[in-house]
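Notes to accompany the following structure.
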Amino acid sequence: MSWFGFPRWKLTKKRSMPEGIWSKCTGCGKLIYTKKLEETLYVCPECGHHIPLTAQRRIDYLIDKGTFCEDPWRLRANDPLNFTGTKPYKEKLKADQKKTGLDDAVITGSGKVLGYGVRIGVTDSNFIMGSMGSVVGEKLTRMIEKAIDERRPVLIISGSGGGARMYEGLYSLMQMAKTCAALGLLRQANLPFISILTNPTMAGVMASFASVGDVIVAEPKALIGFTGPRVIEQTIRQKLPEGFQRSEFLLEHGMIDIIVERSELKARIASLLDYLSP
Amino acid sequence: MNDDVKAGVIDFERPIIELEKKIHELKNFTVDERIDLDREIAIMQDKLDKLKSDTYANLTSWQRVQVSRHPTRPYFLDYVRLITSDFIELHGDRCFGDDKALLGGLAKIDGHKVLILGHQKGRDIKENVLRNFGCAHPEGYRKALRLMKLAEKHNLPIISLIDTPGAYPGIGAEERGQAESIARNLLEMSSIKVPILVYVIGEGGSGGALGIGVGDVVIVMENAYYSVISPEGCAAILWKDRAKAADAAQVLKLTAKELKELDLIDEILDEPLGGAHRDHEKAAVFLKSSILTNLKKLLLVSPDERVRIRYEKIRRIGSFEEK
Ligand SMILES: [Zn+2]
């Protein structure tokens, strides 16, 4: 894959994670030739595991080459609670900004999917577990409001084990209401919202924008739910059944529309847009 | 179990309770022995009031959390009984069941017909099993939404009383879409045309609280808390130790006072001296008066304008730097 054709300022190079010739599958643990993984969009050829991707890579795989235009807003968290736990929040932010090359856990912008114009937001689970604080909430909300102005469909790809970001306290919780309120306006404008869930999408992210898609699509075997499995096990004091809170479980229980393999995602989203675009 | 534990006495309350006991004994003594000790009693009463206000002015965040969870604190149905008349509880989500931890119904408050809904905790083990400790399942949030839509259709303002440690973490809750049921409410409540008044009367536990928490005014009672995560959950993440909840409560900035300072809520609702659990009637008077004042203001605004203002209010919450 290449980073060329991006009308984007800086950072693109830094955003790719350092990779060797061999990569380890996070599913089966086998070593796979990295070139091979790039061909398979980081789906393990051995076990079919969908290896987590950076937000940038998800955009590259979904959006037509040369059409993505990132929103120009440069927002950074400012630690309103002055939060210190084992490590100050400010330091966590700095560390993850350095690690990922991102300002925060989301990239938003506009682009095309096989020619269909969309507005898109993608969370990155490498940045404080893809959790939503003020910056993620604000950027997604602005992106949705722009979609309404431009009369474009909205896509959001979620990957968040963290949910609402603890380090910003109630500010984070309120981003759940904010993003959902914006999606309410999108609905009133009769514009579609397709929510794409990846491993993992939990807690405050799943209990807000990720859950209210007109169509909800998930990658195979993604962990999706409200409460994390460990906490549930501790609460009910029993082992959870195999496959609990996985995409297939959610499909079975009527909570999502379709499970789509990564290699099929772009074509499938384009087909949905063909039906739903204004 | 000793009486203190049964009554849920918190450590810092002990001196207050001792003094109350003494005054009570003294009063009984004057009646039994026909002696006039009014002056002495009045002095002790003053001392008690001062002790209460000093103690309560200086509570730590964790102590507030403890007060918010006090087992004799007034709950949803207590307030319904104390501030409304002609309450008709309405049941069920029309899909799966009737959640006993999140209730709602039609009621009158000083002649205003309203929909009142809220979380309900139990006073003892048996009642808490029925009420699931105030932890609602998806059917609770879906019932709440059904009733709010009913209220919108018939132009009844909505009063929402929050008091939950959080939405229930269980297998059934996940199977039936706990996350979706909360998210749906956030989206729908942002555009419901009738006034929505939100009060955190005890515990404002995370998404389970917010699931009935989007409104035109958000008011937190003096000793209630509202937080993105429970202090215990936060402690488990930060220090791998739930026993450090007191430290977590401190860093989360979850008290009414802190939230007001951060401009995250509209008002703090005063409680009777020594906390709502010491005087249910008075706590209810404060709540009722706040509801009536805010309702009057909100009814002056047209429905479309109200929804627009509500959106703007939610829209501007956030703290960040922009280059
Ligand atoms: Zn593998």
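The values are calculated or read from the model by the stated rules, or taken from the named source; none is laboratory data. In this text the structure is predicted, and so the values were computed from the model without any measurement. Every residue, glycine among them, receives a Cβ derived from its backbone with ideal geometry; neighbour counts consider all protein chains shown. To get the accessible areas, we keep the full protein, side chains included, count just its heavy atoms, and leave off ligands, DNA and RNA. Shrake-Rupley method; radii C 1.70, N 1.55, O 1.52, S 1.80 Å.
Out of the total accessible area of chain A (probe 1.4 Å, heavy atoms of protein only), what percent is carbon and sulfur? Of the solvent-accessible surface of chain A, carbon and sulfur hold 52 percent.
Annotation: per residue accessible area for segment B:44-119 equals 44 Å², rounded to a whole number [probe 1.4 Å, protein chains only].
Could you tell me the calculated FRET efficiency between B:K296 and B:N128, based on Cβ-Cβ distance and R0 = 35 angstrom, to the nearest 0.05?
Between B:K296 and B:N128 the formula returns 0.45.
Inter-chain neighbour count for B:165-176: the average number of beta-carbon atoms from partner chains within 10 Å of each residue's beta-carbon is 5. Any idea what diffusion coefficient segment B:81-185 gets from Stokes-Einstein, in µm²/s, Kirkwood Rh on alpha carbon pairs, 37 °C, 0.692 mPa s? Once the numbers are plugged in, D ends up at 234 µm²/s.
The residues of segment B:302-323 occluded by other protein chains by 30 Å² or more of accessible area, set against the chain on its own, are B:Y311, B:I314, B:R315, B:I317, B:S319, B:F320, B:E321, B:E322, B:K323; surface from heavy atoms, 1.4 Å probe.
Segment A:68-145 and segment B:132-179 have Cα centres spaced 30 Å apart. Taking every C-alpha pair closer than 8 Å and separated by at least 6 residues, the mean separation divided by the residue count of segment A:52-276 gives a relative contact order of 16 percent.
For chain B, adding -39500 (n - 2.57) for each run of n ≥ 4 DSSP H residues and dividing by the number of residues yields -15000 deg cm²/dmol at 222 nm.
Axis of helix B:138-153 versus longest Cα principal axis of chain B: the two differ by about 80°, to the nearest ten degrees. Dipole of chain B computed with +1 at Lys/Arg Cβ and -1 at Asp/Glu Cβ about the Cα centre; of B:P272, B:G177, B:A246, farthest Cα towards the positive end is B:G177. Among the trypsin sites (Lys or Arg not before Pro) in segment B:1-83, those located in a DSSP loop and surrounded by at most 11 other Cβ atoms within 10 Å of their own Cβ are B:R34. Summed over both chains, the area buried between A and B is near 4800 Å², taken from the accessible surface of protein heavy atoms with a 1.4 Å probe. Rolled with a 1.4 Å probe across the full set of protein chains, the surface gives B:F286 an accessible area near 60 Å². Computed on chain B, the Cα convex hull volume stands at 174 Å³ per residue.
Largest to smallest in accessible area, the residues B:F29, B:F96 fall in the order B:F96, B:F29 (1.4 Å probe, all protein chains included).
As an equivalent ellipsoid, segment B:3-58 spans semi-axes of 24, 16, 5 angstrom, where each value is the square root of five times an eigenvalue of the C-alpha gyration tensor, largest first. Accessible area of segment B:3-58 with a 1.4 Å probe: how many percent of it is carbon plus sulfur? Within segment B:3-58, the accessible surface is 52 percent carbon and sulfur. Each residue, B:D49 and B:K153, gets one label point 7 Å from its Cα in the Cβ direction; the gap between the two is 5.1 nm. Computed on the Cα trace of segment B:134-266, the radius of gyration divided by the Kirkwood hydrodynamic radius gives Rg/Rh = 1.00.
Volume per residue for segment B:185-323 equals 136 cubic angstrom (convex hull of Cα atoms). Helix content alone sets the calculated 222 nm mean residue ellipticity of chain A: runs of n ≥ 4 DSSP H residues at -39500 (n - 2.57) each, divided across all residues, give -10500 deg cm²/dmol.
Atom-type composition of the exposed protein surface of segment B:79-166 places 57 percent of the accessible area on carbon and sulfur (1.4 angstrom probe). In segment A:203-229, burial by the other protein chains removes 40 Å² or more of accessible area from A:A207, A:S211, A:V212, A:F226, compared with the chain on its own (1.4 Å probe, ligands and nucleic acids ignored). When you restrict to C-alpha pairs under 8 Å that are six or more residues apart and normalise by the size of chain B, the relative contact order lands at 15 percent.
Of the residues making up segment A:180-196, those losing 40 Å² or more of accessible area when the isolated chain is joined by the remaining protein chains, with a 1.4 Å probe, are A:C180, A:A181, A:R187. Mean-square fluctuations from a GNM of chain B, with a 10 angstrom spring cutoff on Cα atoms, peak among B:I309, B:I35, B:I23 at B:I35. About its Cα centre, the protein assembly as shown has a charge dipole of approximately 1820 debye under the convention of +1 per Lys or Arg Cβ and -1 per Asp or Glu Cβ, with nothing else charged. Taking θ as phi - 60° and the Karplus parameters 6.51, -1.76 and 1.60, the scalar couplings of segment A:164-174 work out to 6, 6, 3, 5, 10, x, 5, 4, 5, 4, 6 Hz in sequence order, x denoting glycine and proline. Close amide H contacts of A:L114 (hydrogens built in the peptide plane, cut-off under 5 Å, sequence separation of 5 or more or a different chain): A:D64. Scaled against the 2.2 N^0.38 Å expected of a compact globular protein of N residues, the Cα radius of gyration of the protein assembly as shown reads 1.04. Taken over the alpha carbons of chain A as equal point scatterers, the Debye sum produces base-10 log I(q)/I(0) values at 0.09, 0.11 Å⁻¹ of -0.40, -0.61.
Please sort by residue number the trypsin sites (Lys or Arg not before Pro) in segment B:167-274 whose DSSP state is loop and whose Cβ has at most 15 other Cβ atoms within 10 Å. Listed in order of number, the matching sites are B:K193, B:K240.
Counting pairs of alpha carbon atoms under 8 Å apart in space and at least six apart in sequence, what relative contact order in percent does segment A:156-203 give?
Taking the mean separation of contacting Cα pairs over the length of segment A:156-203, I get 67 percent.
Legend: distances between Cα atoms for B:K100/B:K257; B:K100/B:K149; B:K21/B:K288; A:K35/A:K94; pairs beyond 23 Å are B:K100/B:K257; B:K21/B:K288; A:K35/A:K94.
What the pair-distance distribution of segment B:149-222 shows, using all Cα-Cα distances binned every 5 Å from zero, is 4, 17, 24, 24, 17, 11, 4, 0 percent.
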